[in-house]
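Working notes for the structure below.
The values are calculated or read from the model by the stated rules, or taken from the named source; none is laboratory data. Worth saying up front: this structure is predicted, and the values here are computed from it rather than measured. Heads up, the Cβs are rebuilt from the backbone with ideal geometry, glycines too, and the neighbour counts pull from every protein chain shown. Side chains are part of the model used for accessible areas, which takes the heavy atoms of the whole protein and leaves out ligands, DNA and RNA. Shrake-Rupley method; radii C 1.70, N 1.55, O 1.52, S 1.80 Å.
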Amino acid sequence: MIKDKVVLAYNMSKEAHKGQMRKYSNQEYFIHPKSVARIVEDLTKDEDLIISALLHDTLEDTDITYDEILENFGKKVADIVVELTSDRPRDTKKSTYLIDKMNKMSTDALLIKLADRLHNVRYLDKDCKTREHLSFVKKYYLETIEILNGLNYRNKRKAIGILVRGI
């Protein structure tokens, strides 16, 4: 059963990402948070986590604010979305930054981050038409392997548990 807050988050994310397109694709960007939310929903029926998945890129890529998320969905959702928001310094390698960030994440945020990477890995190479796109896909795959290898033992166990049985 779809809850009212999930519908609100769906519509908020769709509207916030309106006009944005997936890199190397003719697809609307909203396909990504919607797909991440579906992966999360397959692993847990926790409404707050599904909402967080729908909103996971809004602070970083849209005009949505922490206060708007807090007001509409509560502190748990707002804090998870903050955990998922990148604040990587420009002089830091992305994989190094993500390994450190993911090793410090709550289990809830880690679940969504893994679903995020999984969706990207599943769909980045669709309709690969240019050398630049192929190069990006290869780099993303290698970066994902590096990140997963860099997770500490506790988070590797969490990641396996999440992927095998949900949260």
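Search the range 24-39 for residues that are free of Cβ contacts under 8 Å to residues at least 60 places away in the same chain and pair each with any residue that is among the basic types (Lys, Arg) when their beta-carbon atoms are under 7 Å apart and the residues are at least 6 apart or on different chains.
So the pair list comes out as TYR29/ARG22; PHE30/LYS14; ILE31/ARG22.
Please pick out the residue among LYS139, LYS156, LYS129 that is assigned to a loop (DSSP other than H, G, I, E, B) and of a type outside the set (Phe, Trp, Tyr). Break it down into steps so the answer makes sense when it comes.
Values: LYS139 fails: assigned to a loop (DSSP other than H, G, I, E, B); LYS156 fails: assigned to a loop (DSSP other than H, G, I, E, B).
Criteria check complete, one pass: LYS129.
Take the residues in the range 23-33 that are of a type outside the set (Phe, Trp, Tyr) and within 15 Å of ASP61 (Cα to Cα); name whichever of them is surrounded by the fewest Cβ atoms within 10 Å (Cβ to Cβ). Break it down stepwise before answering.
Here is the first cut: in the range 23-33, the ones of a type outside the set (Phe, Trp, Tyr) are 23, 25-28, 31-33.
Still in the running and within 15 Å of ASP61 (Cα to Cα): 23, 28, 31-33.
Values: LYS23: 13, GLU28: 15, ILE31: 15, HIS32: 22, PRO33: 26.
Result: LYS23.
Would the range 110-119 turn up any residue that is surrounded by 20 or more Cβ atoms within 10 Å (Cβ to Cβ) and of a type in the set (Lys, Arg)?
yes
Give the residues of the range 54-84 that are of a type outside the set (A, V, I, L, M), closer than 12 Å to ALA9 by Cβ and either assigned to a loop (DSSP other than H, G, I, E, B) or open to solvent by 60 Å² or more (accessible area, probe 1.4 Å) (or both), sorted by residue number.
So in the range 54-84, the residues of a type outside the set (A, V, I, L, M) come out as 56-58, 60-63, 65-68, 71-76, 79, 83.
Right, trim to closer than 12 Å to ALA9 by Cβ and you get 56, 58, 68, 72-74.
Within the range 54-84, HIS56, GLU68, GLY74 qualify.
Select from the range 101-118 the residues that are among the aliphatic types (A, V, I, L, M) and more than 9 Å from ASN155 (Cβ to Cβ) and list them in ascending order.
Residues of the range 101-118 among the aliphatic types (A, V, I, L, M): 102, 105, 109-112, 114-115, 118.
Result: ALA109, LEU111, ILE112, LEU114, ALA115, LEU118.
Looking at (1) more than 16 Å from the chain's Cα centre (by Cα); (2) modelled with pLDDT of 90 or more, find the lone condition where THR130 falls short.
So the condition that THR130 fails would be (2).
Name every residue in the range 80-113 that is of a type in the set (A, V, I, L, M, F, W, C) and closer than 14 Å to LEU54 by Cα, in order of residue number.
Initially, the range 80-113 is screened for residues of a type in the set (A, V, I, L, M, F, W, C), giving 80-82, 84, 98-99, 102, 105, 109-112.
Those that are of a type in the set (A, V, I, L, M, F, W, C) and closer than 14 Å to LEU54 by Cα: ILE80, VAL81, VAL82, LEU84, ALA109, LEU111, ILE112.
Return a yes/no flag: does the range 5-16 have any residue that is part of a helix (DSSP H, G or I), of a type in the set (S, T, N, Q) and open to solvent by 70 Å² or more (accessible area, probe 1.4 Å). Steps first, answer last, please.
Applying the first criterion (part of a helix (DSSP H, G or I)) to the range 5-16 yields 5-16.
Within this subset, residues satisfying the condition of being of a type in the set (S, T, N, Q) are 11, 13.
Narrowing further to those that are open to solvent by 70 Å² or more (accessible area, probe 1.4 Å): 11.
Yes; the residues of the range 5-16 include at least one that is part of a helix (DSSP H, G or I), of a type in the set (S, T, N, Q) and open to solvent by 70 Å² or more (accessible area, probe 1.4 Å).
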